[in-house]
Amino acid sequence: MSTGKTQVLWTFDGWELVRNLIIERLPEWAELRIVDSTKRLQDQVADTEVIIPTTGPLPAEVVAAAPKLKLILQPAAGYSNIPLEAAKARGIPVCNAPGVNARAVAEATIMVLLMLARRAPENQAVFQAGKVGGPLGVQLEGRTLGVIGMGAIGQQVAELGEALGMKCLGLDSKSSRQDWRTCSGQLML
């Protein structure tokens, strides 16, 4: 079923906005196919040269079943769903987009933090009932925010927390066990 074009397989039934951007910008010599979720993934990769796994799992068996595979392209920051050893063994490069959504994830993290601190669902119920009373929840200014993982997202979470007047403590994967005990109000970058 080869069309003579480079076969690119989108392996996840989702992320329509990103997928549509890729389709709009795809060169004429390439063709994007969407995975058929009713079939096994490894049965759909025989002619595939590029796999875009997004957030779905990409088992090593799929890489093994794709003899023409030349690239695994992750349009997200992480690659924990990609079998790196299987790709490396075949000499297949794996690319991702580090930091691509860091600000959005950091803002969503702060949104959840604010909703929890201010007890948003309870405040909404009080407001909708037309009741008057003191605000529910706690103020974040002056509180301490612990950020575990100081990559692109963690750094921006800490930055936003500091903008809210919070004291931020940060530890990353390179921090020693001693750092956990001795971190004293300083952002560890």
Here the residues within region 94-136 that are small (Gly, Ala, Ser) and surrounded by fewer than 11 Cβ atoms within 10 Å (Cβ to Cβ) are ALA129, GLY130, GLY133, GLY134
Across region 92-134, the tally of residues that are in a helix (DSSP H, G or I) and not polar (S, T, N, Q) stands at 21
Given (1) surrounded by fewer than 18 Cβ atoms within 10 Å (Cβ to Cβ); (2) polar (S, T, N, Q); (3) not in a helix (DSSP H, G or I), GLN42 misses just (3)
Note on VAL94: of the conditions (1) modelled with pLDDT under 95; (2) in contact with a Phe, Trp or Tyr (Cβ under 7 Å, 6 or more places away or on another chain); (3) under 19 Å from GLN7 (Cβ atoms), unmet is (1)
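Every residue, every condition in (1) in contact with a helix residue (DSSP H, G or I) (Cβ under 6 Å, 6 or more places away or on another chain); (2) touching a residue at least 40 places away in the same chain (Cβ under 8 Å), yes or no:
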site	(1), (2)
GLU61	yes, no
ARG90	no, no
VAL100	no, no
VAL105	yes, yes
Reported set for region 137-160 where residues are loosely packed, with under 14 Cβ neighbours inside 10 Å and over 29 Å from LYS174 (Cα atoms) is VAL138, GLN139
Screening LYS39, LYS70 for residues that are among the charged types (D, E, K, R) and in contact with a strand residue (DSSP E or B) (Cβ under 9 Å, 6 or more places away or on another chain) leaves only LYS70
Of the residues in region 63-88, those that are touching a residue at least 60 places away in the same chain (Cβ under 8 Å), crowded, with 18+ Cβ neighbours inside 10 Å and of a type in the set (Gly, Ala, Ser) number 0
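The values are calculated or read from the model by the stated rules, or taken from the named source; none is laboratory data. Source: prediction; values computed, not measured. When we count neighbours, we look across all protein chains shown, and the Cβ atoms used for this are built from the backbone with ideal geometry, even at glycine.
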